[in-house]
1. Could you grab me the full set of residues in segment 463-491 that are out of contact with any Ser or Thr (no Cβ under 9 Å at 6 or more places or on another chain) and without any contact (Cβ under 8 Å) to a residue 40 or more places away in the chain?
2. Output the residues belonging to segment 428-487 that are among the acidic types (D, E) and under 29 Å from D564 (Cβ atoms).
3. Tell me which residues, restricted to segment 457-504, are closer than 24 Å to E405 by Cα, of a type in the set (S, T, N, Q) and modelled with pLDDT under 95.
4. Suppose we keep only residues that are in contact with a Leu (Cβ under 7 Å, 6 or more places away or on another chain) and open to solvent by 90 Å² or more (accessible area, probe 1.4 Å) within segment 436-451. Which one would you say is nearest to S426 (Cα to Cα)?
5. Return the only residue of I250, I299 being of a type in the set (A, V, I, L, M), under 25 Å from E206 (Cβ atoms) and touching a strand residue (DSSP E or B) at 6+ places or on another chain (Cβ under 8 Å).
6. When you check A489 against the structure, is it of a type in the set (A, V, I, L, M, F, W, C), part of a loop (DSSP other than H, G, I, E, B), under 19 Å from G570 (Cβ atoms) and open to solvent by less than 70 Å² (accessible area, probe 1.4 Å), yes or no?
7. Filter segment 321-341 for residues that are open to solvent by 40 Å² or more (accessible area, probe 1.4 Å) and touching a strand residue (DSSP E or B) at 6+ places or on another chain (Cβ under 9 Å) and give the result.
8. For segment 262-283: of the residues being open to solvent by 60 Å² or more (accessible area, probe 1.4 Å), in contact with a Lys or Arg (Cβ under 9 Å, 6 or more places away or on another chain) and of a type outside the set (D, E), which is nearest to F354 (Cα to Cα)?
Amino acid sequence: MLGMCRGRRKFVAASLALIFIPALTWLYLSSANFTVKPLPLSPLDPQSSVLIGAVAEHQDLELRPRDVEEHNHVLRREISLPPRVPTHSSHHSNSRHGNQLHTHSTEEGTGDSEAKKGAASGNSSDCVPQPVVNKYHSYCHCVCGVQCEQRCCHFGQVSSVSQTEPTPLPFHHGLHRSKDLADLFHTWMVPAVHVNFYDADELKSEVSWIPNKHYSGIYGLMKLVLTKTLPSDLQKVIVLDTDITFATDIAELWVVFHKFKGQQVLGLVENQSDWYLGNLWKNHRPWPALGRGFNTGVILLLLDRLRKLKWEQMWRLTAERELMSMLSTSLADQDIFNAVIKQNPFLVHQLPCFWNVQLSDHTRSEKCYKDVSDLKVIHWNSPKKLRVKNKHVEFFRNLYLTFLEYDGNLLRRELFGCPSETDHNSENLQKTLSELDEDDPCYEFRRERFTVHRTHVYFLHYEYEPALDNTDVTLVAQLSMDRLQMLEAICKHWEGPISLALYLSDAEAQQFLRYAQGSEVLMSRSNVGYHIVYKEGQFYPVNLLRNVAMGQVNTPYMFLSDIDFLPMYGLYEYL
């Protein structure tokens, strides 16, 4: 009897606890007006790099595309608003010729504070003063394969340069997969950005005699032959590796050319590690360099002066002499550039280190900045890339991913109210759209017919040669993000070539890339072509997707299938 009473008491006590504890908690939170707020950590606070665990990181990756999509939606809405008429205030009184705006700012590495505000605001219609420049040129060193191609053509680098720059900007790309990138830029249609390609395979013989231990291989030496590669009437160029991110207006860097004196022809930032000091490990023997040496991830080249100095002969003689004792290069072109500068120090104009903040191992890059606003160019020059160890790496990584995952179609709009060159294709498109009847019930559908979707064929590495008996067959399908889980199963069932068109946003493309790189099944296949068609408009362009996938088939036959269909085992051999 006593045991039963005790049991009832425990039951009553437990029931009361279940009722009153939530009630009291609710009363407490209500009375205190309690809100959960994240701790405000500065982006450059060392505590921000504390590991948060695999679970939290996975959740962050899942939430990032959603957040970016919402931000992109806001940006689209802002860009769609009609621009305001520029006000004719006093700072607009400078003379203007074409696209050039003249100001009196000549301080190296800094720009007019108003200009920075205008660049950051994106959709500002007031034409703010920019440094005095002619049309300037950027050479992107994109010659190391599909991974480098992704960095080269993604919104990450193109956006970080052109999103803050209203002046026409020519890109010169040296690479060995030029057709894929040419198709991408042709369908991207970024206004005031002109792109030229140079076949790196045609230049191999110029540098193939140099043994190179660097992970970039033979293509890591191509910057040595730019005086021969680029047009002879091109006088100056900014040379960029594809693993850099601009955090400022590239026009500020172009202005630095005016600081060159005497016979200076190279603008470089000092190397921020102890590599060329030779004290990283026992018996470490680097190539000769001036002091710490210089990093070649960002170079300002005066091409006309280099040609007059017979640059081709100069670097060849230096390389031949040093290779007699060094046997090979460790850091590709950078070793040879530094050996030439060691012998001819008058050639170099040293840039402030914030123009090339190097996130390599053993780096001293923290000395280049005190605050976020000090950053100009971030260089992921470690083979570990985003996984490099740095106390501020979380901030740098987030900055890079922010550019990478923004909607690349935003660059199709005129982000500035300043004048730019007339785009006849855009004019013709606007004329065609204006002729459509907006009262037509099918107006939105007819309008969609004229949409040019940005397309990146062979997003991942692809290599396949069809069978010689002319009976080979490729499986063709198209899909969106919600069917991604079908890929592994299809690859297991179909061992032959596959051509897939994926309809994704920029953020989803990065999510797909992480998914594919984490899948043993997908990474074990090199005969699957993934072709990204970037989202644009409100309809799912099923015919376009199918045509893109079919257009990349290189076998005599194809097996057209919906992504939901799973072929039986052995069907490839049977067909």
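1. Residues satisfying the conditions are E465, L468, D469, D482, L484, Q485.
2. So in segment 428-487, the residues among the acidic types (D, E) come out as 435, 437-440, 444, 448, 463, 465, 469, 472, 482.
The answer is E444, E448, E463, D472, D482.
3. Scanning segment 457-504 gives a single hit, Q485.
4. If we filter segment 436-451 for residues that are in contact with a Leu (Cβ under 7 Å, 6 or more places away or on another chain), which is where we start, we get 443, 446-447, 450.
If we keep only those that are open to solvent by 90 Å² or more (accessible area, probe 1.4 Å) too, we end up with 446-447.
Working: R446: 17, R447: 14 Å.
By that ranking, first place goes to R447.
5. Numbers: I250 fails: under 25 Å from E206 (Cβ atoms).
Criteria check complete, one pass: I299.
6. Working: of a type in the set (A, V, I, L, M, F, W, C): yes; part of a loop (DSSP other than H, G, I, E, B): no; under 19 Å from G570 (Cβ atoms): yes; open to solvent by less than 70 Å² (accessible area, probe 1.4 Å): yes.
So A489 does not fit the description; no.
7. Initially, segment 321-341 is screened for residues open to solvent by 40 Å² or more (accessible area, probe 1.4 Å), giving 321, 324-325, 327, 330-331.
Hits for segment 321-341 are S330, L331.
8. Within segment 262-283, the first condition is being open to solvent by 60 Å² or more (accessible area, probe 1.4 Å), and the residues that meet it are 262-263, 270, 277, 279, 281-283.
Remaining after also requiring in contact with a Lys or Arg (Cβ under 9 Å, 6 or more places away or on another chain): 263, 270, 277.
After this cut, where a residue has to be of a type outside the set (D, E) as well, the list is 263, 277.
On the way: Q263: 24, L277: 21 Å.
Filtering segment 262-283 for residues that are open to solvent by 60 Å² or more (accessible area, probe 1.4 Å), in contact with a Lys or Arg (Cβ under 9 Å, 6 or more places away or on another chain) and of a type outside the set (D, E), the one nearest to F354 (Cα to Cα) comes out as L277.
The values are calculated or read from the model by the stated rules, or taken from the named source; none is laboratory data. Keep in mind that what you see is a predicted model, and the values were worked out from it rather than measured. Positions of Cβ are generated from backbone atoms using ideal geometry, with glycine treated the same way; all protein chains shown enter the neighbour counts. Areas reflect the complete protein model, heavy atoms only, side chains present, ligands, DNA and RNA absent. Shrake-Rupley method; radii C 1.70, N 1.55, O 1.52, S 1.80 Å.
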